[in-house]
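Following: one structure in structure tokens, then a few remarks.
The values are calculated or read from the model by the stated rules, or taken from the named source; none is laboratory data. Predicted model only: the values in this text are computed from it and were never measured. Cβ atoms come from the backbone with ideal geometry, glycine included; neighbour counts cover every protein chain shown.
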Amino acid sequence: MEFSCDYFELFGLPIGYKVDLVLLAKRYQELQFKFHPDRHMRGTPKEKKLAVINISYINQAYTELKSSLLRAKYLLSLQGKIDFNQTQIIHDPLFLMEQMDLREQLDSARKTADAFIALEELNETASRRYKEIQELFEQQFNEKNYEAAADSLAKMQFIDKFLNEINRFEEESDNLT
């Protein structure tokens, strides 16, 4: 049997931005046990191929539902409200100014003797902002305001990229010491 359900249905979860990550992990382990290709080693070539297809689908579903950013993308894709081939443009000038300011702070932090302290503060600021936008996304999605939710998703992607840059810089700095 090949899966023909959405990721939420696969894991027996309600469709929504908030996900019980403990329950998701538990159901993932159950599905892994049930459908893992090693359990079908004695099957026909067709059964073996189907086991690989199913486990790939389970792994993809788990990865996307576990990540708040990927989950938001997936939710909008279920509504047909996101085009993954098109870059989402942010039209909020205040948000863009805020991001420019954070980038300038990141550049300055890299050049200071107390880089780790400055980076930690930037990380906290950006993480707090990310959480605010996640909450806004959830509200917009629940209200079926998908266009606004798509804008919030674009902002989440922007901040996620910024947070990854901070983490990369911290890792590079750790490797130098």
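Could you check how many residues of region 69-128 are within 11 Å of Ala150 (Cα to Cα), modelled with pLDDT of 95 or more and among the small types (Gly, Ala, Ser)?
Of the residues in region 69-128, 1 are within 11 Å of Ala150 (Cα to Cα), modelled with pLDDT of 95 or more and among the small types (Gly, Ala, Ser).
For region 133-150, give me each residue that is over 15 Å from the mean Cα position of the chain (by Cα), part of a helix (DSSP H, G or I) and surrounded by fewer than 21 Cβ atoms within 10 Å (Cβ to Cβ). Walk me through it before giving the result.
Taking region 133-150 and keeping what is over 15 Å from the mean Cα position of the chain (by Cα), we get 136, 139-148.
Cutting the leftovers down to part of a helix (DSSP H, G or I) gives us 136, 139-142, 146-148.
Matches in region 133-150: Leu136, Gln139, Gln140, Asn142, Tyr146, Glu147, Ala148.
Can you report the number of residues in region 1-34 which are touching a Phe, Trp or Tyr at 6+ places or on another chain (Cβ under 9 Å) and at pLDDT below 90?
Residues flagged as touching a Phe, Trp or Tyr at 6+ places or on another chain (Cβ under 9 Å) and at pLDDT below 90 within region 1-34 amount to 2.
If a residue must be of a type in the set (D, E, K, R) and not in a helix (DSSP H, G or I), how many such residues does region 2-33 contain?
Qualifying residue count for the region: 4.
Given the criteria touching a residue at least 24 places away in the same chain (Cβ under 8 Å), out of contact with any Gly (no Cβ under 7 Å at 6 or more places or on another chain) and under 24 Å from Glu143 (Cα atoms), does Phe3 qualify?
no
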